[in-house]
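Throughout, read-outs are computed from the coordinates displayed, never taken from laboratory work. The model shown is predicted, which means the values in this text are computed figures rather than measured ones. Cβ sites come from the backbone with ideal geometry, for glycine too, and all protein chains shown count toward neighbours.
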Amino acid sequence: MDFRKNSKVTLTITDIGVSGEGIGKMDGYTFFVKDAIPGDEVSALITKPKKNYAYARCEKVLTPSPFRMEPVCSCYRPCGGCQLQAMSYEKQLEMKQQKVKNNLMRIGGFEETFIESIMEPIAGMENPLNYRNKAQYPVGTDKEGKPVAGFYAGRTHSIIPNTDCKLGANTDGVILREVLSFMEDNHIAPYREEEGKGLVRHILIRTGFTTGEIMVCIVINGKELPHGNKLVDRLLTIPETKGRIQSISTSSNMENTNVIMGKEITIIYGKPYITDYIGDVAFRISPLSFFQVNPVQTKVLYETALSYANLEGNETVWDLYCGIGTISLFLARKAGQVYGVEIVEQAIEDARQNAVLNHMENVEFFVGKAEEVLPEKYEKEQIYADVIVVDPPRKGCDEACLSTMLKMKPERIVYVSCDSATLARDLRILCEGGYELKKVRPVDMFPMTVHVEVACCLQRKDS
Ligand code: SAH
């Protein structure tokens, strides 16, 4: 058959791809169909044909999948942030569990029966919406010239107005609408990217889910927000968030760049940070600090990591890729000594402050690459570990890091991963190097999206 651009095909969707697109096959040819889900029969329009596969777009659902749901968000298709919103949450979880299992078999080389015997069911959310504690909404202008906030239409910079994101905290909407109406009343112009003119670029809102504290930061193409005190008055009197907005600031970003936040923060009301907790560990969060975006599931993930670490109280633990020390501090209460390693200096400064905030003296942090710090300390200082925890970025652990871990021979390794493909690759190396995979648990940190986190426990074989 000839699959040309703009021709149509009728397909049954049988699988889902890495970006959430539906996968259908015909005559040995694979189609990646945007906005189609497994179980659908669709009419698809071919947008980009290649030799053995093609990209296509769902034009019409001919027979809907039994897992199809009415998306809760009106911007679901153009925004593209929630790839899976048209699929039932149960099916999303099943799919993520399967994806992790498949990668462990295909890339990790583990047997299916073995994986089934050690894999725990994915931890899903009771309420899979409004889970994000941080959102950065771009600001622009609508056709009538009014300021709007919302989302960039998938891969572009045109803004779809939407103050009701279903993943954002449920008070984000009232705050956004108040900022927009303040801008309109005071003739404050949204930023116009093409010309580099106008003032307001983004609105950042962070919410402490445990403490209820809220931070609002307006990112501006200038040094100062005119009538800032009026904005403060208006935000503080929003009935739905009364008493909760603890920090209002502006961030000056005058560069023509995709980076959202500027480096300089000016506080116009309250504290320079808000506080939140994961379990009983407190964290100070400023406009620029990194913090896990789904605190409810972060707690589930870290509790899993903690139980896999199986600490009795005297252990020496290394936490590699530690960020602001969230896992390190979570484990420190149950360990003898924890060492954290992280490449970003600012994150380590936050980690040290968070240790002080929680009166934890048995943690120490080092700035540097895990694959450099660990071998160096091992060769020079003969450092030791009972347990090593790693939580690397998507590309997984560097080989030098893995080989030093194997030389250090910790009793247990806890691997936390945001990419099950690189996880599977690294697990294979660790298992060939003398470790046994004991437990695997996927955790759904990002419902409605294709992402899935996984915690794994490995035990040294000769221990
Ligand atoms: N464990 C932390 C952060 C995990 S994200 C948490 O749960 O909050 C992964 C972290 O690895 C990021 O903070 C990133 O800056 C850091 N990182 C990336 N490459 C690194 C490397 N080669 N060595 C050490 N840290 C690295």
inquiry  = So ASN362 ticks every box in (1) among the polar types (S, T, N, Q); (2) within 16 Å of the ligand (Cβ to nearest atom); (3) farther than 20 Å from ARG441 by Cα but one. Which box is left unticked?
reply    = (2)
key: Subset of region 16-40 (residues that are assigned to a strand (DSSP E or B) and within 19 Å of PRO71 (Cβ to Cβ))   = ILE16, GLY22, VAL33, LYS34
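Residues VAL281, VAL259, VAL300: which one is surrounded by fewer than 15 Cβ atoms within 10 Å (Cβ to Cβ) and β-branched (Val, Ile, Thr)?
Numbers: VAL281 fails: surrounded by fewer than 15 Cβ atoms within 10 Å (Cβ to Cβ); VAL300 fails: surrounded by fewer than 15 Cβ atoms within 10 Å (Cβ to Cβ).
Of the residues listed, the single one that is surrounded by fewer than 15 Cβ atoms within 10 Å (Cβ to Cβ) and β-branched (Val, Ile, Thr) is VAL259.
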query = If GLN346 passes every condition in (1) surrounded by 20 or more Cβ atoms within 10 Å (Cβ to Cβ); (2) at negative phi; (3) more than 8 Å from the ligand (Cβ to nearest atom) but one, which one does it miss?
reply = (1)
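Which residues, counting only those in region 270-282, are under 18 Å from the mean Cα position of the chain (by Cα) and either within 11 Å of the ligand (Cβ to nearest atom) or not acidic (Asp, Glu) (or both)?
Residues of region 270-282 that are under 18 Å from the mean Cα position of the chain (by Cα), as a first pass: 276-278.
Those that are under 18 Å from the mean Cα position of the chain (by Cα) and either within 11 Å of the ligand (Cβ to nearest atom) or not acidic (Asp, Glu) (or both): TYR277, ILE278.
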key: Filter result (more than 15 Å from the ligand (Cβ to nearest atom) and either within 20 Å of PRO442 (Cα to Cα) or not in a strand (DSSP E or B) (or both)) within region 318-337   = ARG333, LYS334, ALA335, GLY336
key: Selection from region 356-402 of residues that are touching a helix residue (DSSP H, G or I) at 6+ places or on another chain (Cβ under 7 Å) and among the β-branched types (Val, Ile, Thr)   = VAL363, VAL367, ILE383, VAL387, ILE388, VAL389
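Do the conditions hold for ILE46, that is, is it surrounded by 14 or more Cβ atoms within 10 Å (Cβ to Cβ) and within 20 Å of MET95 (Cα to Cα)?
On the way: surrounded by 14 or more Cβ atoms within 10 Å (Cβ to Cβ): yes; within 20 Å of MET95 (Cα to Cα): no.
For ILE46, the condition - surrounded by 14 or more Cβ atoms within 10 Å (Cβ to Cβ) and within 20 Å of MET95 (Cα to Cα) - is not met.
When the residues of region 291-317 are narrowed to those that are among the aliphatic types (A, V, I, L, M) and either in contact (Cβ under 8 Å) with a residue 60 or more places away in the chain or not in a helix (DSSP H, G or I) (or both), which ends up farthest from the ligand (Cβ to nearest atom)? Even if it seems obvious, please write down each step before you answer.
Let us first name the residues in region 291-317 that are among the aliphatic types (A, V, I, L, M), namely 293, 296, 300-301, 305-306, 309, 311, 317.
Next cut, either in contact (Cβ under 8 Å) with a residue 60 or more places away in the chain or not in a helix (DSSP H, G or I) (or both) only: 293, 296, 300-301, 305, 309, 311, 317.
Numbers: VAL293: 10, VAL296: 14, VAL300: 13, LEU301: 8, ALA305: 9, ALA309: 13, LEU311: 17, VAL317: 13 Å.
Among them, the one singled out is LEU311.
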